[in-house]
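Have a look at the structure below, then the notes.
The values are calculated or read from the model by the stated rules, or taken from the named source; none is laboratory data. Treat the numbers as computed from the prediction; the structure is a model and nothing was measured. All Cβ positions, glycine included, derive from the backbone under ideal geometry; neighbour counts span all protein chains shown.
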Amino acid sequence: MKSQNILGISAGFHDAALTLLDQHGKIVFAGHSERYSKQKNDADISSAMLDEIDMSQVGTIAYYERPWMKQLRQWYAGQGIEWNKVTTRQILEQQLGADQVNGKRIKNYNHHLCHAAAGFQTSPYPIATVVVIDAVGEWDTVSIWGAMYDKNLKATYTRLWSQSYPHSIGLFYSAITKRIGLHPLDEEYITMGMAGWGTPRWTEVMRDVLVDNPEQLRFRSNLHTGLDSSFLDCATNEDIAASAQQLTEYLIHQVMTKAKNFGWSDNLVYMGGVALNCLANRRLGEYFDNIWIMPCPGDAGSSLGAAALAHGGCVQWTSASLGHNIPGDYPVYNAMAALLTDRIVGVASGRAEFGPRALGNRSLLADPRGADIKDQVNSIKRRQKFRPFAPVILEELADDYFDMPRCWSDSRYMQIVARCRHPDLFPAVIHVDGTSRVQTVPRDGSGIRKLLEAWYAETGCPMLLNTSLNIRGEPMVNDRADADRFETLYGVKVCS
């Protein structure tokens with residue numbers, strides 16, 4: 001009898017990833033290739049990651065896009081792609097090895113549909129409006145879906161509206177990221193952080209020059225081929241970032257208004273790389289009553305989406321801790337001791353988080369109350385000094401310290417910003433604009449919850465600074481060998 005396990009794969013562009021589902025829709029594994037190859041945003045599947053998967057138990061391999069449609073768009077866009085009708089099987093054999101692919105069922109799905117499925121089929125909702133906004137799939141750049149389960153409990157998707165290449169919010173934000181001297185498709189989150197230091201004085205000019213029809217998300221030119229930014233020659237990078245952020249939020253407003261007006265559901269599932277813009281996410285409660293963003297909404301998460309589509313039904317989502325496992329109990333005692341003496345500690349324990357944000361298992365933690373802590377942590381991580389850090393806080397106390405946006409009292413995946421009610425008390429986790437990217441931790445018995453409880457009992461402070469355990473330009477620590485290297489090179493104790 002052929003195995004019912006399904007391997008979802010996202011690879012060939014950036015941030016390659018694998019997801020393994022069993023026949024019951026349980027996520028057995030989900031991880032990023034970069035954590036194994038040690039190459040940031042690795043586009044290809046690392047052979048070391050394949051050691052996490054028993055390929056003999058895989059019956060179906062599901063790929064996250066349709067190669068011939070993507071190649072057609074690349075040819076149309078003049079990206080120097082030769083039309084050679086590459087097949088999904090050829091891609092999979094290149095990524096996994098022909099011996100690992102032989103005998104397996106092969107499926108592929110539309111790129112935006114994979115985003116939608118990764119969100120909806122992990123969500124708690126039986127019906128939802130699904131919005132996907134990214135740079136570009138095969139052709140889609142924005143899509144709105146009506147999702148629900150049929151009588152056989154199979155997820156169904158109705159396309160309600162979409163916009164196509166080259167009209168793209170994601171490509172616009174990436175073009176701005178490049179304009180201010182950062183790396184597109186990697187450092188857009190730095191652009192978002194830089195926005196807090198600027199004034200959006202160029203928003204209207206930017207909109208008039210670049211946007212043709214805001215309601216239909218149509219741009220005047222293809223920003224994929226470059227941004228003629230001569231009209232911004234007098235602008236500072238900070239003001240450009242602030243203006244681009246404001247314009248992005250305005251364009252997202254157009255999409256969310258359109259999505260709401262379809263009247264499909266008051267539940268929103270939001271996916272695609274743009275869903276990582278937590279500054280814009282604070283406003284989503286203006287449109288929908290309930291919101292779910294799977295913690296890995298970008299292309300890596302579409303490995304889960306492809307597997308979910310092949311599975312058909314609901315996927316059992318319990319936690320983002322789905323990657324490589326460092327065994328043993330969470331090091332609450334050792335981490336507390338280091339925090340009380342050194343005020344900064346690394347933790348590498350349990351299963352690595354799926355997604356770009358560390359949530360406690362691969363984290364650099366610090367006392368948020370010290371005026372000098374932010375600079376110390378930025379120095380350790382080799383980051384620009386203007387970069388903000390996030391607080392991780394006991395969920396039941398979040399509203400006492402932060403003005404949490406509507407529908408976001410639960411922010412366990414660090415997906416929104418909120419204004420701090422007592423910024424003078426926690427300078428290490430407050431951005432220049434008075435906001436923080438808040439991570440709340442419920443009473444879930446997790447290791448980070450136990451550490452927060454111990455910290456609160458000892459200090460009266462219900463939060464810690466939480467950032468990913470990595471150095472700028474490098475992937476997050478994955479295994480204990482990575483943790484040992486971090487300790488040696490950067491002089492920070494890493495507990496497991």
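Which residue, of Ile9, Ile53, is outside any helix (DSSP H, G or I) and within 22 Å of Lys154 (Cα to Cα)?
On the way: Ile53 fails: within 22 Å of Lys154 (Cα to Cα).
Going through Ile9, Ile53 in turn, the sole match is Ile9.
Return the total of residues in segment 246-267 being in contact with a helix residue (DSSP H, G or I) (Cβ under 6 Å, 6 or more places away or on another chain) and farther than 14 Å from Leu210 by Cβ.
Total meeting the criteria: 2.
Output the number of residues of segment 365-383 satisfying the condition of being assigned to a loop (DSSP other than H, G, I, E, B) and within 21 Å of Tyr330 (Cβ to Cβ).
2
How many residues are in a helix (DSSP H, G or I) and under 25 Å from the mean Cα position of the chain (by Cα) when one looks only at segment 311-342?
At the first step, the residues of segment 311-342 found to be in a helix (DSSP H, G or I) are 311, 332-342.
This time we only want the ones that are under 25 Å from the mean Cα position of the chain (by Cα), so: 311.
Residues in segment 311-342 being in a helix (DSSP H, G or I) and under 25 Å from the mean Cα position of the chain (by Cα): 1 in total.
I'm checking my understanding of the structure. Among residues of segment 258-284 that are over 23 Å from the mean Cα position of the chain (by Cα) and of a type in the set (S, T, N, Q), which one is surrounded by the most Cβ atoms within 10 Å (Cβ to Cβ)?
If we take residues in segment 258-284 being over 23 Å from the mean Cα position of the chain (by Cα) and of a type in the set (S, T, N, Q), then Ser265 is surrounded by the most Cβ atoms within 10 Å (Cβ to Cβ).
Among the numbered criteria (1) in a loop (DSSP other than H, G, I, E, B); (2) aliphatic (A, V, I, L, M); (3) touching a helix residue (DSSP H, G or I) at 6+ places or on another chain (Cβ under 8 Å), which one does Ala358 miss?
Condition not satisfied by Ala358: (3).
The conditions are (1) of a type outside the set (Phe, Trp, Tyr); (2) touching a helix residue (DSSP H, G or I) at 6+ places or on another chain (Cβ under 9 Å); (3) touching a residue at least 24 places away in the same chain (Cβ under 8 Å), and Glu487 fails exactly one of them. Which is it?
If we test Glu487 against (1) of a type outside the set (Phe, Trp, Tyr); (2) touching a helix residue (DSSP H, G or I) at 6+ places or on another chain (Cβ under 9 Å); (3) touching a residue at least 24 places away in the same chain (Cβ under 8 Å), just (2) comes out false.
Scan segment 429-446 for residues that are of a type outside the set (Lys, Arg), surrounded by fewer than 23 Cβ atoms within 10 Å (Cβ to Cβ) and out of contact with any Gly (no Cβ under 6 Å at 6 or more places or on another chain) and report the count.
Looking only at that region, the number is 7.
Based on this model, can you work out whether Ile27 counts as in contact with a helix residue (DSSP H, G or I) (Cβ under 8 Å, 6 or more places away or on another chain) and either closer than 24 Å to Val274 by Cα or modelled with pLDDT under 95 (or both)? Even if it seems obvious, please write down each step before you answer.
On the way: in contact with a helix residue (DSSP H, G or I) (Cβ under 8 Å, 6 or more places away or on another chain): yes; either closer than 24 Å to Val274 by Cα or modelled with pLDDT under 95 (or both): no.
Spelling it out, it is not the case that Ile27 is in contact with a helix residue (DSSP H, G or I) (Cβ under 8 Å, 6 or more places away or on another chain) and either closer than 24 Å to Val274 by Cα or modelled with pLDDT under 95 (or both).
So is His311 farther than 30 Å from Asp367 by Cβ, at pLDDT 95 or above and not polar (S, T, N, Q) or not?
Values: farther than 30 Å from Asp367 by Cβ: yes; at pLDDT 95 or above: yes; not polar (S, T, N, Q): yes.
The answer is yes for His311.
Select from segment 12-27 the residues that are surrounded by fewer than 24 Cβ atoms within 10 Å (Cβ to Cβ) and either assigned to a strand (DSSP E or B) or of a type in the set (Val, Ile, Thr) (or both) and list them in ascending order.
Lys26, Ile27, listed by residue number.
Go through (1) under 25 Å from the mean Cα position of the chain (by Cα); (2) in a loop (DSSP other than H, G, I, E, B); (3) farther than 22 Å from Gly272 by Cα for His183 and report which single condition fails.
(3)
Is there any pair linking a residue in segment 442-463 that is touching a residue at least 24 places away in the same chain (Cβ under 8 Å) and in a helix (DSSP H, G or I) to one that is aromatic (Phe, Trp, Tyr) and surrounded by 15 or more Cβ atoms within 10 Å (Cβ to Cβ), with Cβ under 8 Å and at least six apart or on different chains, and which?
Once the first residue is touching a residue at least 24 places away in the same chain (Cβ under 8 Å) and in a helix (DSSP H, G or I) and sits in segment 442-463, its partners that are aromatic (Phe, Trp, Tyr) and surrounded by 15 or more Cβ atoms within 10 Å (Cβ to Cβ) give Gly447/Tyr330; Ile448/Tyr330; Lys450/Tyr330; Leu451/Tyr330.
What about Arg406, is it within 23 Å of Ser349 (Cα to Cα) and of a type in the set (Lys, Arg)?
On the way: within 23 Å of Ser349 (Cα to Cα): no; of a type in the set (Lys, Arg): yes.
Here the answer is no, as Arg406 does not meet what is asked.
Here's the yes/no breakdown for (1) in a loop (DSSP other than H, G, I, E, B); (2) modelled with pLDDT of 95 or more:
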{"position": "Leu160", "(1), (2)": "no, yes"}
{"position": "Gln163", "(1), (2)": "no, yes"}
{"position": "Leu171", "(1), (2)": "no, yes"}
{"position": "Ala175", "(1), (2)": "no, yes"}
{"position": "Gly198", "(1), (2)": "yes, yes"}
{"position": "Val205", "(1), (2)": "no, yes"}
{"position": "Asp212", "(1), (2)": "no, yes"}
{"position": "Ser221", "(1), (2)": "yes, no"}
{"position": "Asp228", "(1), (2)": "yes, no"}
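Whether any residue in segment 481-496 is among the β-branched types (Val, Ile, Thr), closer than 24 Å to Gln245 by Cα and not in a helix (DSSP H, G or I) is what I want to check.
Applying the first criterion (among the β-branched types (Val, Ile, Thr)) to segment 481-496 yields 488, 492, 494.
Narrowing further to those that are closer than 24 Å to Gln245 by Cα: none.
Scanning segment 481-496, I find no residue that is among the β-branched types (Val, Ile, Thr), closer than 24 Å to Gln245 by Cα and not in a helix (DSSP H, G or I), so the answer is no.
Being among the small types (Gly, Ala, Ser), at pLDDT 95 or above and surrounded by fewer than 18 Cβ atoms within 10 Å (Cβ to Cβ) narrows it down to one of Ala483, Ala454, so name that one.
On the way: Ala483 fails: surrounded by fewer than 18 Cβ atoms within 10 Å (Cβ to Cβ).
On inspection, the qualifying residue turns out to be Ala454.
Within segment 218-246, take every residue that is in contact (Cβ under 8 Å) with a residue 60 or more places away in the chain and crowded, with 23+ Cβ neighbours inside 10 Å and give me the one that is farthest from the chain's Cα centre (by Cα). Can you show your working first?
Here is the first cut: in segment 218-246, the residues in contact (Cβ under 8 Å) with a residue 60 or more places away in the chain are 222, 224-225, 240-241, 244.
Filter again for crowded, with 23+ Cβ neighbours inside 10 Å, leaving 240-241, 244.
Values: Ile240: 23, Ala241: 20, Ala244: 20 Å.
It comes out as Ile240.
Hey, Pro184 hits all of (1) free of Cβ contacts under 8 Å to residues at least 12 places away in the same chain; (2) within 30 Å of Arg472 (Cβ to Cβ); (3) outside the structural domain of Leu268 (by TED's automatic domain parsing) but one; which does it fall short on?
The failed condition is (3).
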